[in-house]
Amino acid sequence: MPQKSGVLELSRLRLQKAPVKSNAGASLWDLGDGVALLEFHSKANTLDSDVFEMLAASLDEVESRFEALVIGNQGANFSVGANLQMILGLIAGGDWQELEAAVARVQGLIVSLEACSKPVVAAVHGQALGGGCEILLRSSHVQAAAESYIGLVEVGVGLIPAAGGCTEMMRRATAGLDEGDDVTKQTLHLFERIGMAKVASSAEEAQQWGFLRPADDITMNRDRLLAEAKKAALALALAGYEPKEPQPILVGGRGVRAALDLRLWMMRQAMWASDYDVTVGKRLANVLSGGDLTQPSFVSQEYMLGLEREAFLGLCGEQKTRERIEHLLKTGKPLRN
């Protein structure tokens with residue numbers, strides 16, 4: 001049967017050709033016109049070692065022989081985030097040097113999406129949570145289905161976003177401000193969204209919250225999502241796309257961290273947060289405020305990424321984080337311990 005106009009079907013593509021590269025977690029396809037597609041097909045499209053391996057290979061292929069890359073699939077969700085069984089295995093192994101190296105590798109890989117010399121377009125639909133959200137945050141452009149549920153939800157398992165999510169969202173929250181401006185309000189809003197694992201209920205809401213940029217596009221008909229993402233990728237390539245240099249990030253320092261700690265205390269008194277929620281929240285507050293700075297300051301992306309890694313690894317060493325991960329894997333429900 002002829003393919004519908006304006007629709008790109010992966011099932012049809014699979015019958016017509018073999019992937020450029022493939023493993024158990026993901027495949028790289030040639031969509032024609034110089035555009036490649038990275039398709040996740042792991043369980044629930046979680047991000048595991050196979051997916052990360054194929055992401056790295058795809059970036060190399062695109063740099064050498066394609067004009068643009070689309071990251072997308074036609075499963076139920078774009079990606080529900082990192083494979084928790086993989087993280088739990090690294091924690092249980094007790095090799096902290098290996099865990100730190102693994103976190104740094106994943107962080108560097110996802111952040112490197114924005115450094116690719118060719119445009120990277122994320123075709124988002126369904127759930128884009130945790131690491132899935134961090135991938136779209138670092139893409140050159142996002143083509144999002146109207147019915148998309150986007151958020152950084154790591155605190156639900158006793159962790160914080162550590163693949164550049166805190167860093168990029170903080171950059172967006174304080175963009176356009178200078179060191180003389182009060183960044184407390186912007187940081188508090190962001191702290192509540194990440195610290196309470198809030199998920200935008202639509203692409204439009206995700207745009208209002210900063211998960212999507214004003215220039216990102218929304219597709220009303222999900223059947224047309226991949227085709228429109230390819231079109232957007234080609235348009236960027238033909239316009240002479242050049243990656244942007246990472247801009248410094250304005251953070252509030254100790255004063256803002258004190259305001260976040262006060263908010264945590266109020267949440268605990270109101271029984272909106274458990275004692276361990278406060279422990280995780282303090283780690284997150286330290287990252288978003290920029291650590292132990294005495295005043296509002298511009299800091300580098302590398303500095304913020306270091307704070308993310310430190311907080312993530314510290315929480316991996318906590319028994320209650322392990323309990324949260326194990327409970328979610330066993331029951332599918334979050335644990336409030």
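The values are calculated or read from the model by the stated rules, or taken from the named source; none is laboratory data. For clarity, every value in this text was computed on a predicted model and none was experimentally measured. Cβ placement follows ideal geometry from the backbone for every residue including glycine, while neighbour counts extend to all protein chains displayed. Ligands, DNA and RNA are excluded from the accessible area calculation, which covers all protein heavy atoms including side chains. Shrake-Rupley method; radii C 1.70, N 1.55, O 1.52, S 1.80 Å.
So here's what we get for this one:
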| quantity | calculated |
| --- | --- |
| The chain: antiparallel DSSP beta bridges as a percent of all, rounded to 5 | 40 percent |
| Scaled radius of gyration (Cα, divided by 2.2 N^0.38 Å) that the range 1-79 gives | 1.07 |
| Dipole in debye (nearest 20) - the range 147-289, about Cα centre, beta carbon charges: Lys, Arg +1; Asp, Glu -1 | 240 debye |
| 0 to 90° range, to nearest 10: angle between helix 301-316 axis and the chain longest Cα axis | 70 degrees |
| In the range 1-58, the trypsin sites (Lys or Arg not before Pro) that fall in loop regions by DSSP, at most 13 other Cβ within 10 Å | K4, K17 |
| For the range 286-337, Kirkwood radius (reciprocal of mean inverse C-alpha pair distance, Å) | 13.0 Å |
| Calculated FRET efficiency for the pair A175/E204, C-beta based, R₀ 22 Å, to 0.05 | 0.65 |
| Dipole magnitude of the chain, debye to nearest 20 (Cβ charges: Lys/Arg +1, Asp/Glu -1, about Cα centre) | 820 debye |
| Neighbour net charge for W272 - beta-carbon separation under 11 angstrom, K R +1, D E -1 | +1 |
| The range 216-294 - Rg over Rh from alpha carbon coordinates, Kirkwood radius | 1.27 |
| Cα long-axis angle, helix 225-238 against the chain (0 to 90 degrees, to the nearest 10) | 90 degrees |
| Most mobile listed residue (H141, H189, H125) in the chain, GNM with C-alpha springs under 10 Å | H189 |
| Proximal lysines to K330, defined as alpha-carbon separation beneath 18 angstrom and excluding residues fewer than eight positions away on the same chain | K43, K320 |
| Accessible surface, the range 67-133, averaged per residue in Å² (probe 1.4 Å) | 34 Å² |
| Principal-axis tilt of helix 184-195 within the chain, Cα atoms, nearest 10 degrees | 70 degrees |
| With all protein chains modelled, accessible area of Y303 [1.4 Å, Å²] | 80 Å² |
| Largest-first principal axis extents, alpha carbons of the range 29-168, Å | 47, 33, 27 |
| Sorted largest first, extent of the range 130-276 alpha carbons per principal axis (Å) | 52, 34, 22 |
| Accessible area of the range 182-243 divided out per residue, in Å², using a probe of 1.4 angstrom | 54 Å² |
| Compactness relative to 2.2 N^0.38 Å, alpha carbon Rg of the chain | 0.98 |
| Fraction of accessible area attributable to carbon and sulfur, the chain (%, probe 1.4 Å) | 53 percent |
